[in-house]
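Take a look at the structure set out below.
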Amino acid sequence: TNEREKAERVYRKTIAANPQSAKAHYYLAVLYWNKDWKKVVEELEIVLSLDPNYPEAQSYLTRARAYLK
């Protein structure tokens, strides 16, 4: 848990410094996977708005949306 919290802080600092960091948003989605599907979907949507060709984001977004239903 402590490592997860540290990672989240790092990703949030990265986003604060560079809001266009698709990678940081993607890794936040990974942290939320199986924990908060709404946040996963939100972060992956941001990733795709920043980089529509992000390789894993579209596939995982489809899967995450299925968990929201």
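The values are calculated or read from the model by the stated rules, or taken from the named source; none is laboratory data. Note that the coordinates shown come from a computational prediction; the quantities given were computed from them, not determined experimentally. Every residue, glycine as well, gets a Cβ built from its backbone with ideal geometry; the counts of neighbours run over all protein chains shown. Calculation scope for accessible area: heavy atoms of the full protein, side chains included, ligands and nucleic acids excluded. Shrake-Rupley method; radii C 1.70, N 1.55, O 1.52, S 1.80 Å.
Excluding residues on the same chain fewer than 8 positions from K13, give the lysines whose Cα lies under 28 Å from its Cα.
Excluding near neighbours in sequence, the set is K23, K35, K38, K39.
Among Q20, W33, N53, whose Cα sits farthest toward the positive end of the charge dipole of the chain (+1 at Cβ of Lys/Arg, -1 at Cβ of Asp/Glu, about the Cα centre)?
In the chain, that residue is W33.
Counting other C-beta atoms within 10 Å, and keeping those with at most 11, which DSSP coil trypsin sites (Lys or Arg not before Pro) do you find in region 7-60?
K35
Please report the spacing between the Cα centers of region 54-69 and region 1-35 in Å, no decimals.
17
With n ≥ 4 as the cut-off for DSSP H runs, can you work out [θ] at 222 nm for the chain, using -39500 (n - 2.57) per run divided by the number of residues, rounded to the nearest 500?
Values: 4 runs with 53 residues, N = 69.
So the helix-based figure for the chain works out to -24500 deg cm²/dmol.
Report, please, the projected area of the chain averaged over directions, based on the convex hull of its C-alpha atoms, in nm².
4.3
Dipole size in debye (nearest 20) for the chain around its Cα centre, Lys and Arg Cβ +1, Asp and Glu Cβ -1?
In total the dipole reaches around 180 debye.
Which whole-Hz couplings ³J(HN,Hα) result when phi for each residue of region 47-54 is put into the Karplus expression 6.51 cos²θ - 1.76 cosθ + 1.60, θ = phi - 60°, listed in order with x for Gly and Pro?
With the stated coefficients, region 47-54 comes to 3, 6, 6, 7, 9, x, 9, 4 Hz.
How much solvent-accessible surface does V41 expose, in Å² to the nearest 10, with a 1.4 Å probe and all protein chains in place?
Here the residue's solvent-accessible area equals roughly 10 Å².
Which of the GluC sites (Glu not before Pro) found in the chain are loop residues per DSSP with 15 or fewer other Cβ atoms within 10 Å of their Cβ?
On the way: sites: E3, E5, E8, E42, E43, E45, E56; in loops: E56.
Here the sparse-neighbourhood loop sites are E56.
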